[in-house]
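First up is the structure itself, then whatever we jot down about it.
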Amino acid sequence: MTATSVKLIALITGLGALPLMVGLTGCAGDRYHQSTAPRIEYNPTAERDHNQSTDQSVEDSRTAERVREALAAGADYKYDGVRVITSNGVVQLSGFVHTSAQKNTAGEVARKIVGVQSVENNLTVKD
């Protein structure tokens with residue numbers, strides 16, 4: 001190998017290592033200088049809001065299940081074509097029933113369930 005080849009290899013190795021060195025030390029701070037990395041601050045309000053939304057989601061799932069069970073326990077019709085979705089205590093009924101009396105009864109049954117704030121009865125009567 002010639003001296004030129006050795007210099008060229010050293011230059012390539014040095015230039016290749018430079019981005020690695022800068023990447024590892026580029027955003028580090030010390031006790032006198034702030035880091036350039038974004039600061040992450042603790043926000044207890046955001047945590048509380050997340051916990052409340054999680055608690056509400058769990059309660060909505062339980063409410064929807066209670067409505068489904070009450071509809072399934074109906075003596076005249078088992079409401080198997082009805083979909084129940086709950087959000088913030090608002091129950092939405094969708095799907096198909098055979099008569100308008102069944103539609104009205106399903107809405108009344110849902111309104112009586114603990115945790116239900118209101119009912120959106122979007123059931124469709126089959127003709």
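Worth pointing out:
- Here ASN104 qualifies as in a helix (DSSP H, G or I), open to solvent by 60 Å² or more (accessible area, probe 1.4 Å) and at pLDDT 90 or above.
- Among the residues of the range 95-118, just one is farther than 17 Å from ALA73 by Cβ and among the β-branched types (Val, Ile, Thr), namely THR99.
- Test for VAL109: is it within 21 Å of ASP55 (Cα to Cα) and not in a loop (DSSP other than H, G, I, E, B): no
The values are calculated or read from the model by the stated rules, or taken from the named source; none is laboratory data. Quick caveat: nothing in here was measured; it's all calculated off a predicted structure. No Cβ is skipped: glycine too gets one built from the backbone with ideal geometry, and neighbour counts run over all protein chains shown. Quick note on the areas: whole protein, heavy atoms, side chains included, nothing else; ligands and nucleic acids left out. Shrake-Rupley method; radii C 1.70, N 1.55, O 1.52, S 1.80 Å.
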